[in-house]
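Novice: Please read through the structure below; I'll follow up with questions.
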Amino acid sequence: MAQTEQQQAFFTADGDELAPDPVARSWWNPAMIHGRLLGGLAARALEREQAAPGLHFSRLTVDLFRNAPLAPVRVETALVRDGRRILVADALVHGANGLVARATAVLLRSGEQPAAPVPATPAWDAPPPEELWEPREQGWAIWRFDEHNQPLRTGRGTGRRRAWLREALSPFVRAALAADTASPLAHAGAESLDFINADYTLSLSRLPLSDAIGLESSGHLSEDGIAVGHCTLHDTAGPIGFCLTTAVANPGRKG
């Protein structure tokens, strides 16, 4: 998976397998691969093997079945539907412990924009990435701030959360990796993150034009240990889509 802001690869190709670099370690368990990278690997494979001229990646749904050990993984894709205006394809991510994730991509054919205006999500007033602090040494760049544009050193606290992420990958893979961040932004409590991501659905009206992708949490509901939430995605030119995320309580995780 190409390179990050620090020019460090998440994975190294070895035949039909991808060996994880230490920077791919999970926040939850250092012996596991970070869950967001499984969606990124699926997006990468779908883009390489199933993309078609004139078709736009409009939706990516990633189901995270189980943790993947920090060991080589393999991704395979399959065409599900190839129509005049729609293409649907699946990707399966296999880890050392079996099937760990599945993704479904929907590609729609680009065409003429209808003339009738529809009320749309406005651009946010977030400060541009270059005005925020330097990225952490964790393999990718991330900056967080609240709805008042005040910097946050964590994704916690009360109120709506915002973040910029920057990675040197293709626009679609970059968006897929950023989308996983919707879960901690939407579900983190004031003191800790007690929900672990089970799946997310990314919907894009267009691909990002900038390396930096912004997320703004726009909703959270939870009951009996089940949480749902969503975020709006932006690039430096404006809003580009939404991410809906489902998570399950993981009370053993503190911090």
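The values are calculated or read from the model by the stated rules, or taken from the named source; none is laboratory data. The structure presented is a predicted model; accordingly, all values stated were derived computationally and were not measured. Cβ: placed from backbone, ideal geometry, glycine included. Neighbour counts: every protein chain shown. These accessible areas exclude ligands, DNA and RNA; they are computed on the full protein's heavy atoms, side chains included. Shrake-Rupley method; radii C 1.70, N 1.55, O 1.52, S 1.80 Å.
Novice: Put a dot 7 Å past each Cα toward the Cβ at residue 116 and residue 248; how far apart are the dots in nm?
Specialist: With each label placed 7 Å out from Cα toward Cβ, I get 4.3 nm.
Novice: Along Cα→Cβ, 7 Å out, is where each label goes; now give me the distance between the ones at residue 92 and residue 223 in nm to one decimal.
Specialist: Each label point lies 7 Å from its Cα, and together they span 3.6 nm.
Novice: Run the paramagnetic zone check for residue 191: 7 angstrom along Cα to Cβ, then residues of the range 209-236 with backbone nitrogen under 14 Å.
Specialist: It comes to no residues whatsoever.
Novice: Using Cα-Cα distances under 8 Å and only pairs 6 or more residues apart, what relative contact order does the range 178-242 have, in percent? Write out the running numbers ahead of the final one.
Specialist: Values: 109 pairs, mean separation 23.0, N = 65.
That works out to 35 percent.
Novice: Taking only protein heavy atoms into account and a 1.4 Å probe, give the accessible area per residue of the range 19-62 in Å². It would help to have the intermediate numbers written out before the result.
Specialist: Numbers: 1690 Å² over 44 residues.
That works out to 38 Å² for each residue.
Novice: When a/c reaches 1.5 or more, the comparison of a/b and b/c decides; with that in mind, is the range 1-136 rounded, prolate or oblate per its Cα gyration tensor?
Specialist: Oblate shape, in that a/c is at least 1.5 and b/c is the bigger or equal ratio.
Novice: Under 5 Å between amide hydrogens, which residues at least 5 positions from residue 59 or on another chain qualify, with H placed 1.01 Å from N in the peptide plane?
Specialist: Answer set, sorted by chain and number: 106, 204.
Novice: Another question, if that's okay. Taking the Cβ-Cβ separation of residue 81 and residue 125 as r and a Förster radius of 30 Å, what is the calculated FRET efficiency to the nearest 0.05?
Specialist: On the way: r = 40 Å, r/R0 = 1.34.
Step by step, r from the Cβ atoms, then E = 0.15.
Novice: What spacing in nm lies between the two simple spin-label points modelled at residue 59 and residue 99, each 7 Å away from Cα in the Cβ direction?
Specialist: 2.0 nm
Novice: Further question: Could the peptides 112-119, 44-51 be put in order, highest first, of the mean number of other beta-carbon atoms found within 10 Å of their residues?
Specialist: Details: 112-119: 5.5, 44-51: 18.6.
For the peptides 112-119, 44-51, the packing ranking is 44-51, 112-119.
Novice: Beta carbons within 10 angstrom, averaged per residue: use that to sort the peptides 26-36, 237-247, highest first.
Specialist: Details: 26-36: 18.5, 237-247: 20.5.
Top of the packing list down: 237-247, 26-36.
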